[in-house]
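Input: a single structure, listed below in structure tokens.
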Amino acid sequence: MKRPIQYCFALLTLAAAALPAAAHETDQFTIPPSREFADYGPYFNSWVYAAIERGVEKTNSKIKMASERRFWDVEQMQSPDEIARSVNSQFPSALFLIEGLDKMALSPQTREQYPGRITGYKPDRGVRKYVELPLNPFNAWGCATIKVYDVYLGTDKLGHFVDMGIHYFRAYRMAIRDGRSEEEAIRRALHLGTHDPIMSERGLLGLGTAGAYSNADLVANYMGMVF
């Protein structure tokens with residue numbers, strides 16, 4: 001009996017390590033209806049553009065080194081895969097990105113910049129905490145609700161967009177290299193968010209950890225791939 005138990009434990013450990021992002025959930029059921037939120041639209045514009053700029057600079061440095069010292073294939077350094085990898089590496093993993101955004105939104109310094117407005121809404125006990133299984137070991141962490149260009153969203157969405165976005169992109173690119181059509185490649189990428197046992201909303205990134213199924217991350221990344 002000990003060996004099967006050890007195997008199960010090892011599989012669970014590997015599954016947890018393979019997760020692209022830890023699950024977070026926001027509570028938008030109890031937001032104060034009469035309070036105005038700070039709008040972080042311009043902030044996140046600068047945030048993303050700065051990450052893209054750093055990623056491009058990193059890629060250009062690699063291209064220069066590849067040309068001078070022939071460490072890498074120059075053509076590979078100029079590929080969409082390398083550029084996407086360089087830009088994505090400018091963001092921390094989703095877990096730390098979400099926690100960092102929560103800390104920023106709820107900090108006294110941020111509140112001072114937006115006097116009288118809510119900079120992040122994160123109740124101690126949300127509605128979902130009362131309706132899901134209290135003993136579920138995969139209960140998701142709570143995260144703050146913020147506003148970006150008049151859209152209310154949880155900070156988890158930004159972390160998932162960055163983390164899951166690169167997984168969708170890699171699946172798409174792999175399908176293209178396998179000779180698939182663009183439509184088939186997009187379909188293969190979307191499969192990750194709908195049916196994959198670990199990365200999909202049906203699996204550990206949705207129902208398994210949060211008790212909910214949401215297509216928000218999938219739709220945002222799909223729109224990015226299409227346009």
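Values quoted throughout were computed directly from the atomic coordinates according to the rules given, and no laboratory measurement underlies them. As the structure is a prediction and not an experimental result, all values here were calculated from the model. Using ideal geometry, Cβ is built from the backbone for each residue, glycine included, and neighbour counts are taken over all protein chains shown.
Across segment 167-174, coupling constants 3J(HN,Hα) worked out from phi with the 6.51/-1.76/1.60 Karplus curve, θ = phi - 60°, read 5, 4, 4, 5, 5, 4, 5, 5 Hz, and Gly and Pro carry x. Of all the C-alpha pairs in segment 38-128, what % are more than 20 Å from each other? Tail of P(r) above 20 Å: 54 percent of Cα pairs.
Can you give the net charge of the other residues whose Cβ lies under 13 Å from the Cβ of residue 114, counting K and R as +1 and D and E as -1? Result for the neighbourhood of residue 114: +1.
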